[in-house]
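Below is one structure; the comments refer to it alone.
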Amino acid sequence: MLSPGGLILPRSFYQRPVAEVAADLLGQHLHHGEVILRISEVEAYGGPEDSASHCRFGRTARNAPMWEAGGVVYMFLCYGVHHLLNIVTGPQEDASAVLIRACEPLAGLALIRERRGGRLQGPALLTGPGKVTQALGIDLTFNCHPLFTPGGLELRAGSAPAAILRGPRVGVPYAQPEHREAPLRFALADSEWVTHRQELG
DNA sequence: AACACGATGGACT
DNA sequence: GTCCATCGTGTTA
């Protein structure tokens, strides 16, 4: 099989407003080697006035990938410990990206468990942005990696979700109230593989 | 050169 | 619920 799973998503998929892409990322499949994950929870960041975004103080060396045209990866190291995966959206110069917060495992479960420490099972394996990148086996070296071309990390068409939940983003106490409370977190309504379920409506 | 600070996760009371 | 590991980055000097 030349293209296992769904078709690879074209670059145009990403060249839209970040909240729109975020919702449409739910149910799509991340492929890396033998591991395949179905995206179950995301958050939208960016736009000109988002005080929760890494780009709130303008362009820097770290956030440069967020200013690229949509379809590439923006990785960053959180707390010196966890690598977090973002998918850049919109046209070039539009600093926006979607944080991948949780996934469901579709393939490569044995490798995922091994990478996650060997003893865990169930949602504890993949409910959290740092857990997703550990399961995929990716780190800062994937910064700017294109998702719309075959090879390495890829995003492929999955199955459309039956229903979606929205709620405030997690872990952004430093943002202004209107940005803290904005319903920019999206999750599969029928999935157990979601963090902080109680905060979602 | 020095320093403060995280878009977290796991262990523990 | 609490505690805290750990390091790249941005800011300040």
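Rounded to the nearest 20 debye, the dipole magnitude of region A:1-84 is 220 debye, with +1 charges on Lys and Arg beta carbons, -1 on Asp and Glu beta carbons, and the Cα centre as origin. If you bin all the Cα-Cα distances of region A:9-105 at 10 Å, starting from zero, the percentages per bin are 17, 50, 29, 4. Using 0.36 nm per residue and subtracting the Cα-Cα separation, the extra length available between A:Gln176 and A:Ser12 on full extension is 55.9 nm. When you count the other C-beta atoms within 10 angstrom of each residue and take the mean per peptide, A:151-158, A:81-88, A:113-120 line up highest first as A:81-88, A:151-158, A:113-120.
Size of chain A: Rg and Dmax of its alpha carbons, in Å, are 15.6, 49.
Compactness ratio for region A:128-201: Cα radius of gyration over 2.2 N^0.38 Å (N = residue count) comes to 1.34. The dipole here belongs to region A:46-152: it is taken about the Cα centre, uses +1 on the Cβ of Lys and Arg and -1 on the Cβ of Asp and Glu, and is about 500 debye.
Per DSSP H run of at least 4 residues, take -39500 (n - 2.57); add these up for chain A, divide by its residues and hand me the 222 nm value, nearest 500 deg cm²/dmol.
-3500 deg cm²/dmol
Database remark: amide H of A:Leu106 closer than 5 angstrom to the amide H of A:Ile36, A:Leu37, A:Arg38 (H placed geometrically; neighbours at sequence offset of 5 or more, or on other chains; Pro and chain starts carry no H).
Please work out the Cα center distance from region A:112-133 to region A:51-89, rounded to the nearest Å. Answer, in whole Å: 23. Neighbour counts of C-beta atoms inside 10 Å place A:Asp50, A:Asp24 in the sequence A:Asp24, A:Asp50, starting with the fewest.
Quick note: the coordinates plus some simple rules give every number you see, no bench work behind them. Remember, it's a predicted structure, so these values are computed and weren't measured experimentally. Using ideal geometry, Cβ is built from the backbone for each residue, glycine included, and neighbour counts are taken over all protein chains shown.
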